[in-house]
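To start, the structure itself, in structure tokens.
The values are calculated or read from the model by the stated rules, or taken from the named source; none is laboratory data. Not measured: the values here are computed from a predicted model. Neighbour counts run over all protein chains shown; Cβ positions are idealised from the backbone, glycine included.
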Amino acid sequence: MTAVEERSAPTQTAADTPPGRRRLRLPGGLGAVPISLWILLFFILPFGLVVWYSFGYKPGIYETHANDILSLDRYGEAASPAFFAIFLRTLKIAVTGTVLCLLIAFPMAYWMAVKLAPKWRGIVLALVLIPYWTNFLVRTIGWQISLSPTGFVSKLLQWANLTDGPMHVLYTSAAVQLGVVYNYLPLMILPLYVALERLDPKLLEASRDLGGTAWDTLWRITAPLSAPGVTAGMLLVFVPLMGDYITPTVLGGASGSMVGQMVAAQFQSAQNWALGAAMAVLLMLAIFGTSAVVGGILKVAGRITTAMTSLKLPSKEPS
């Protein structure tokens with residue numbers, strides 16, 4: 001076939017393609033089906049079931065719940081002064097733990113993503129993840145042993161003459177605070193590392209060339225570009241921390257109790273599923289409300305930071 005015949009030859013269209021060789025085109029929204037099913041089965045339906053139980057009551061001493069008579073009485077019982085006192089303690093521990101995780105994770109993630117050589121990043125990232133892959137309860141019990149008056153931390157402090165006697169930190173709010181920071185720190189490091197790894201080094205060099213100080217570079221370039229990682233990390237830490245009951249049960253005792261323990265006690269010990277469901281709904285609404293408020297604050301802060309980045313960095317004086 002000559003070149004003229006090749007150019008004049010008709011092109012084969014999709015209609016001329018044999019049926020067995022046609023490409024299968026799937027609907028555009030089919031890729032969202034797995035995540036939609038996941039959210040439906042493991043969030044919407046369980047949450048709806050908990051809300052349904054919260055409208056019921058405990059019919060007898062040997063029964064857990066009944067919904068033949070629907071009312072909001074359980075919410076009145078759940079919204080007790082004791083619940084609000086423990087909720088405020090939980091909120092304080094959660095906010096403090098989230099802020100501490102951010103303060104610890106940001107410089108570590110920055111060092112991993114910017115300063116560390118690429119050949120070592122995988123190893124350091126694995127060192128961050130390996131403890132997180134260990135069983136949550138086992139890690140918490142490890143801190144229980146370490147923080148006990150006869151543990152190695154107490155003995156080390158006594159050996160260094162930093163304390164006069166055994167350390168009594170276990171079964172306090174301080175022990176719970178330490179435990180939650182340790183348990184949830186990797187959830188803050190990972191999104192920050194991903195956000196900072198995408199940071200273009202040329203932007204940092206341009207900031208230095210224009211006379212910007214380290215604080216100018218951090219505030220005007222690094223912070224705005226890492227804002228998505230900060231937001232994701234804060235949500236990943238704050239939301240599960242608010243409902244944590246393993247850490248306060250193992251490390252907190254009576255003085256470090258949290259709302260998650262109250263909810264678990266109603267389902268397990270008291271066998272009052274209606275009251276426990278009402279407490280769980282109030283806790284989830286409080287988490288959503290707090291996350292919305294913090295999200296609004298971060299959005300406003302992001303706009304302020306964006307406005308500040310539009311300002312010109314001070315240029316170097318010609319020598």
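Structure summary
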item	result
Some residue of the stretch 279-291 being in contact with a Ser or Thr (Cβ under 8 Å, 6 or more places away or on another chain), surrounded by 12 or more Cβ atoms within 10 Å (Cβ to Cβ), at pLDDT 90 or above and closer than 23 Å to Gly260 by Cα	yes
Filter result for Trp120 (part of a helix (DSSP H, G or I), surrounded by fewer than 15 Cβ atoms within 10 Å (Cβ to Cβ) and at negative phi)	yes
Matching residues, the stretch 59-75, being touching a strand residue (DSSP E or B) at 6+ places or on another chain (Cβ under 8 Å) and hydroxyl-bearing (Ser, Thr, Tyr)	Ser71
Meets criteria (closer than 25 Å to Val194 by Cβ and in a helix (DSSP H, G or I)) for Ala274	no
The stretch 91-117, residues that are more than 25 Å from Met242 (Cα to Cα) and assigned to a helix (DSSP H, G or I)	Tyr110, Trp111, Met112, Ala113, Val114, Lys115
Residue check, Leu170 assigned to a loop (DSSP other than H, G, I, E, B), of a type outside the set (Gly, Ala, Ser) and either surrounded by 15 or more Cβ atoms within 10 Å (Cβ to Cβ) or within 29 Å of the chain's Cα centre (by Cα) (or both)	yes
Pairs where the first residue, in the stretch 101-113, is over 10 Å from Val181 (Cα atoms) and buried (at least 16 other Cβ atoms within 10 Å of the Cβ) and the second is basic (Lys, Arg) and modelled with pLDDT under 95, C-beta under 9 Å, 6+ apart	Met112/Arg121; Ala113/Arg121; Ala113/Arg198
Cβ pairs under 6 Å, 6+ apart, first in the stretch 31-50 and more than 24 Å from Met279 (Cβ to Cβ), second assigned to a helix (DSSP H, G or I)	none
Of the criteria (1) part of a helix (DSSP H, G or I); (2) more than 25 Å from the chain's Cα centre (by Cα), which one Leu162 fails	(1)
Leu204 vs. criteria crowded, with 16+ Cβ neighbours inside 10 Å, of a type in the set (A, V, I, L, M), assigned to a loop (DSSP other than H, G, I, E, B) and modelled with pLDDT under 90	no
Matching entry among Leu156, Leu88, Leu137 (being touching a residue at least 24 places away in the same chain (Cβ under 8 Å) and either surrounded by 11 or more Cβ atoms within 10 Å (Cβ to Cβ) or farther than 30 Å from Val50 by Cα (or both))	Leu137
